[in-house]
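Trainee: Dumping the structure here so I can ask a few things about it.
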Amino acid sequence: MADRFRLISALLLLVLGLSACLPQPLLPNSPTPTPTALQPGPTRSPTPLPPPTQTPQVVTATPAAWLRPAQELRGQVVQFWHPWSGAAAEQARSLVVEFNNTNPWGITVEVQQPGSSAALSEAFESGPVVDVVAAAPSLLYRWQAEGMPIVNLNTYLPDAEWGLSAAQLADLTPAFWQETATATGQWGVPAPRRARVLYYNQTWGTALGFPNPPRNPKEFRNIACASARSLRLDSDLQNDGFGGWVLDGDANTLLAWLWAFDWQGMPGDENQPYQFETQPAQAALEFWRTLLDENCAWTTRSITAQQAFANRQAILISGELEDLNLQAHLMTRAANQDVWVVLPFPTQQQDTLLLTYGESYALFASDPARQLAAWAFLRWMAEAPQQARLAQAALWLPPQASAWEALNAPRSAQPAWAVLQGSPQTVRPVPSLPSWRIVQHVLEDAAWQLRQPYSGCRKSPPCCSNWMP
């Protein structure tokens, strides 16, 4: 089996190494053609979104070139594009209406919502006139590489009247702020973030002798195997083969497990390959396949993982935090009264890992008055009260500690939020490199390969059981 996983790792290295040949992103208004792409790092905290330990820094700017009298802003029409749908889109539209009715300059914002990140990217291919956009950092960097005029926000951030105060900067979570920061400028302000999480049936786990959620991969495996075994040993033959974890093919799920095993193969910039031929990557891939070979995980096509969780056919699934209300609805429809919670991913270091992703607000260049009007709207959307309202509506994570605290009371009152709300964890955003938009699809293919029979053990279990330290 080790040979099989080494082969998979080698193939991943070969394919992902091609990402180094992608065009290098060029930052607008940059004095050199080589950007400093950031490698997002973890932010250790007592809560998922803590008060940052280091205040984001901005450079000093001279405002004379862009400052305009208030009368020049009156009547300006600003175009705002975002990829959101559902509750997030409804809340964004409500915020736009509020800004239009209350801003002192008479600025009007018109909002467009293509419906997804892919649709947003496709819409930009026709070159629409956009002033403010909410887009993934990796997409912003790609647009920079294509020459789109994204404004360096250090033009505005330090200004006493138009910028962000020291307190506002200190309130932002550094891991999110740094996603659009380079040595040459600040190219975005974080919007609320989504999260890839685990859903865990706590009632079932307690009945099996596990009073606490899994804190490391070994405990995760033990709980998954115990639940699957309990279904095989009961009197119902129809549920044999279920239980455990529903193994999915989402790229963010596999990335979370790679990081859970302390994988360090993410490149620092586009000139470097993604390194998968490493021991941590090997351990993560074997962890996935071992669960499947030992009948502690299974795949589903006829129903969704969320339905399987509601039907008590799985004790653990991975999914999106924003699907929490849908999961509650499915539990009610299945008449399942078990207590369940959402969890970060357990890691080898006994910590937990909260994998996040989402959009940042960016500004496009236009004439000075319109650009300043667009910045006024962007700045308002980036303030903590608006961030909290959008995060609450969409079940996302606000990027400010104060906004997180504002949501703490209503969210902690819901049992499903309890563990996520109260446990220390590492916040880790998905890569912001433009190549990640390609690499994630290769990772999805690797997850698919891992679920195929030919990737498994040649002998019956426990041939794969020796991997765990």
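Trainee: Report ³J(HN,Hα) in whole Hz for each residue of the stretch 432-446, in order, from the Karplus equation J = 6.51 cos²θ - 1.76 cosθ + 1.60 where θ = phi - 60°; Gly and Pro get x.
Mentor: Once rounded to whole Hz, the list reads 9, 5, x, 5, 4, 5, 8, 4, 4, 6, 5, 5, 4, 5, 4.
Trainee: Mind checking which of LEU316, GLY241, TRP263 is farthest towards the positive end of the stretch 225-336's charge dipole, using Cβ charges of +1 (Lys, Arg) and -1 (Asp, Glu) about the Cα centre?
Mentor: About the Cα centre, the residue reaching furthest to the positive side is GLY241.
Trainee: Let me ask something else. Which shape class, rounded, prolate or oblate, goes with the stretch 366-417 when its Cα gyration tensor gives a ≥ b ≥ c as root eigenvalues, a/c under 1.5 marks rounded, and past that a/b bigger than b/c marks prolate?
Mentor: Details: a/c = 4.98, a/b = 3.45, b/c = 1.45.
Cα axes put the stretch 366-417 in the prolate bin.
Trainee: Sticking with this one: Give the Rg (one decimal place) followed by the Dmax (whole number) of the stretch 197-302, computed from C-alpha coordinates and expressed in Å.
Mentor: 16.0, 58
Trainee: Starting from the amide H of THR352, placed 1.01 Å from N in the peptide plane, find each other amide H under 5 Å away whose residue is 5 or more places distant or on another chain.
Mentor: Long-range HN contacts for THR352: THR426.
Trainee: I've got another one for you. Which length gain, in nm to one decimal place, applies between ALA119 and THR102 when the Cα-Cα distance is subtracted from 0.36 nm times their residue separation?
Mentor: Numbers: separation 17, 0.36 × 17 = 6.12 nm, distance 3.07 nm.
Stretched fully, the ALA119-THR102 segment lengthens by 3.0 nm.
Trainee: Hey, can you grab everything whose amide H is under 5 Å from the amide H of TRP84? Only 5+ residues off in sequence or another chain; H modelled, so Pro and N-termini drop out.
Mentor: So TRP84 has HN proximity to GLY115.
Trainee: With every protein chain kept in place and ligands, DNA and RNA left out, what is the accessible area per residue of the stretch 226-340? Probe 1.4 Å, answer in Å².
Mentor: Values: 4660 Å² over 115 residues.
About 41 Å² of surface per residue is accessible.
Trainee: On to the next question. When you count, for each residue, the other Cβ atoms within 10 Å and take the mean per peptide, how do 75-81, 241-247, 98-104 rank with the highest first?
Mentor: Per-residue mean Cβ counts within 10 Å order the peptides as 241-247, 75-81, 98-104.
Trainee: Can you give the charge dipole size of the stretch 273-408 about its Cα centre, rounded to the nearest 20 debye, using +1 on the beta carbon of Lys and Arg and -1 on the beta carbon of Asp and Glu? Display every interim value, and only then the final one.
Mentor: Numbers: 7 positive and 13 negative charges, 83 e Å.
The dipole of the stretch 273-408 has a size of about 400 debye.
Trainee: Under the classification rounded if a/c is under 1.5, otherwise prolate if a/b is larger than b/c and oblate if not, where does the stretch 131-256 fall, given a ≥ b ≥ c as square roots of the Cα gyration tensor eigenvalues?
Mentor: Details: a/c = 4.51, a/b = 2.70, b/c = 1.67.
Verdict is prolate for the stretch 131-256.
Trainee: Turning to a different aspect of this structure: In whole percent, and with a 1.4 Å probe on the protein chains, what portion of the accessible area of the stretch 354-398 is carbon and sulfur? Numbers along the way, then the final one.
Mentor: Values: 500 of 910 Å².
C and S fraction of accessible area: 54 percent.
Trainee: Could you work out what % of the accessible surface of the stretch 86-188 is carbon and sulfur, using a 1.4 angstrom probe and leaving DNA, RNA and ligands out of the count? Working shown, then result.
Mentor: Working: 1890 of 3800 Å².
Carbon and sulfur together cover 50 percent of it.
Trainee: Would you work out the relative contact order for the stretch 206-350, in percent, from Cα pairs under 8 angstrom that are 6 or more residues apart?
Mentor: 34 percent
Trainee: Sticking with this structure for a sec: Using a simple charge model, +1 on the beta-carbon of Lys and Arg, -1 on the beta-carbon of Asp and Glu, nothing else, what dipole does the stretch 62-172 show about its Cα centre, in debye to the nearest 20?
Mentor: Values: 4 positive and 11 negative charges, 13 e Å.
Roughly 60 debye, rounded to the nearest 20.
The values are calculated or read from the model by the stated rules, or taken from the named source; none is laboratory data. Since this is a predicted model, take the numbers as computed values, not measurements. Please note: Cβ atoms are built from the backbone with ideal geometry, for glycine as well, and neighbour counts cover all protein chains shown. In case anyone asks, the SASA skips ligands and DNA or RNA and just uses the protein heavy atoms, side chains included. Shrake-Rupley method; radii C 1.70, N 1.55, O 1.52, S 1.80 Å.
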